1. E119 - would you say it is touching a residue at least 12 places away in the same chain (Cβ under 8 Å), over 20 Å from N177 (Cα atoms), of a type in the set (D, E) and touching a helix residue (DSSP H, G or I) at 6+ places or on another chain (Cβ under 9 Å)?
2. Out of the stretch 107-139, which residues are β-branched (V, I, T) and not in a loop (DSSP other than H, G, I, E, B)?
3. Being over 29 Å from Y99 (Cβ atoms) and in contact (Cβ under 8 Å) with a residue 40 or more places away in the chain is the filter; apply it to the stretch 127-163 and report the residue that is most open to solvent (accessible area, probe 1.4 Å).
4. Please count how many residues of the stretch 51-88 are assigned to a helix (DSSP H, G or I) and among the small types (G, A, S).
5. Please tell me if M228 is over 29 Å from V16 (Cα atoms) and open to solvent by 70 Å² or more (accessible area, probe 1.4 Å).
6. Enumerate the helices (runs of 4 or more DSSP H) found wholly within the stretch 228-298, keeping only those where 1 or more residues are more than 28 Å from T173 (Cα to Cα).
7. Given the residues A68, A44, A21, which is the only one that is of a type in the set (A, V, I, L, M), without any contact (Cβ under 8 Å) to a residue 40 or more places away in the chain and surrounded by fewer than 19 Cβ atoms within 10 Å (Cβ to Cβ)?
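The values are calculated or read from the model by the stated rules, or taken from the named source; none is laboratory data. Nothing here was measured: the structure is a model prediction, and the numbers come from that model. Ideal geometry is used to build each Cβ from the backbone, glycine not excepted, and the neighbour counts take in all protein chains shown. Ligands, DNA and RNA are stripped out before the accessible areas are found, and what is left, the full protein with its side chains, is counted by its heavy atoms. Shrake-Rupley method; radii C 1.70, N 1.55, O 1.52, S 1.80 Å.
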Amino acid sequence: PMLVDPTNYGGSEEDVFEVIAPSIPGYGFSEMPHKKGFDQIAAAQVFLKLMERLGFEKYYVQGGDWGAIITRIMAILNPSVIKGLHVNMPSDETDSLGYWLRVAVGSVFPSLVGVKPEEYDRVYPFGSKFLDLLQETGYMHIQATKPDTVGFALTDSPVGLAAYILEKFSIWTNPANRDLADGGLEKYYTKDELLTSVMIYWLTGTVTSSMRFYKECFAGRAMETLSMTVTVPTGMATFPHELGHVPEAWCRSSHPNLIHYTLMPDGGHFAAFEKPALLAEDIRPFVKKVEGLNSSKH
């Protein structure tokens, strides 16, 4: 609503967006894929076709989590229709030698690899950050290798499904919640909001198919796209409690047209859910920058 009705949320009529918010096939409201191989590249192709059929010739894309990867791939596959890409979970190619050299050098001489002083604590000490990441990605290892094993169990138990999903809402919103008896959930969300998220999976029976998306990601070529260059105007918003941080300078190697980068003061992985105002207030100036670039060319 902050984008489609900005006048009620501190914006002006010039800030109005028409928002298309598709579900990834196999997630909630979209039909499950019927054959193997449906990965993030396939999802990007489906969304490009969707926008074409809806009659949009040029448009902006925005995403976090899988959405950040899918929208990025959309910009790679068909940059002529993407006016700009905005993500709130920047990604990096972590399996390259260059990445680990940057990490190592940056721990001692951060300025040499472009790590700004205000970014340092989001990347280092890398050892503890990496251990935190290992602790929080056990689910990914299961879903990327044997998704049906846990998927069938969660499809059979609403309490189990709620526990599995709500634990992520707790710790990925703020890792400090890990030590709280109630997980700190109601500091950020209402019970109705949380149960709605759980029920979308429960009523549609799509938790297993959503988990298979992880296996398809690593079985196919989707991860290869992380090393591909995005040429469209790009904006990034990085939240302090996201699972990992990619410094602005590191993002520029694969996003040469990065025109907007914001270090957010608060918030975690579920930015659009937890901090919708911060995210909306970052999207608006990014789009204005792109529109200004376009107008200056004419």
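1. Numbers: touching a residue at least 12 places away in the same chain (Cβ under 8 Å): yes; over 20 Å from N177 (Cα atoms): yes; of a type in the set (D, E): yes; touching a helix residue (DSSP H, G or I) at 6+ places or on another chain (Cβ under 9 Å): yes.
The answer is yes for E119.
2. We begin by selecting, within the stretch 107-139, every residue β-branched (V, I, T); these are 108, 113, 115, 123, 137.
Result: V108, V113, V123.
3. Within the stretch 127-163, the first condition is being over 29 Å from Y99 (Cβ atoms), and the residues that meet it are 148-163.
Add one more test, that the residue is in contact (Cβ under 8 Å) with a residue 40 or more places away in the chain, and what stays is 148, 150-152, 154-155, 158, 161.
Working: D148: 51, V150: 31, G151: 0, F152: 127, L154: 14, T155: 60, P158: 68, L161: 2 Å².
So, considering only residues that are over 29 Å from Y99 (Cβ atoms) and in contact (Cβ under 8 Å) with a residue 40 or more places away in the chain, the one most open to solvent (accessible area, probe 1.4 Å) is F152.
4. Quick first cut of the stretch 51-88, residues assigned to a helix (DSSP H, G or I) only: 51-53, 66-77.
If we keep only those that are among the small types (G, A, S) too, we end up with 67-68, 75.
The number of residues fulfilling the criteria is 3.
5. On the way: over 29 Å from V16 (Cα atoms): yes; open to solvent by 70 Å² or more (accessible area, probe 1.4 Å): yes.
Judged against the criteria, M228 is a match.
6. On the way: elements: 248-251, 271-274, 276-297.
Counting at least 1 such residues, we get 276-297.
7. Working: A68 fails: surrounded by fewer than 19 Cβ atoms within 10 Å (Cβ to Cβ); A44 fails: surrounded by fewer than 19 Cβ atoms within 10 Å (Cβ to Cβ).
Checking each option against the conditions leaves just A21.
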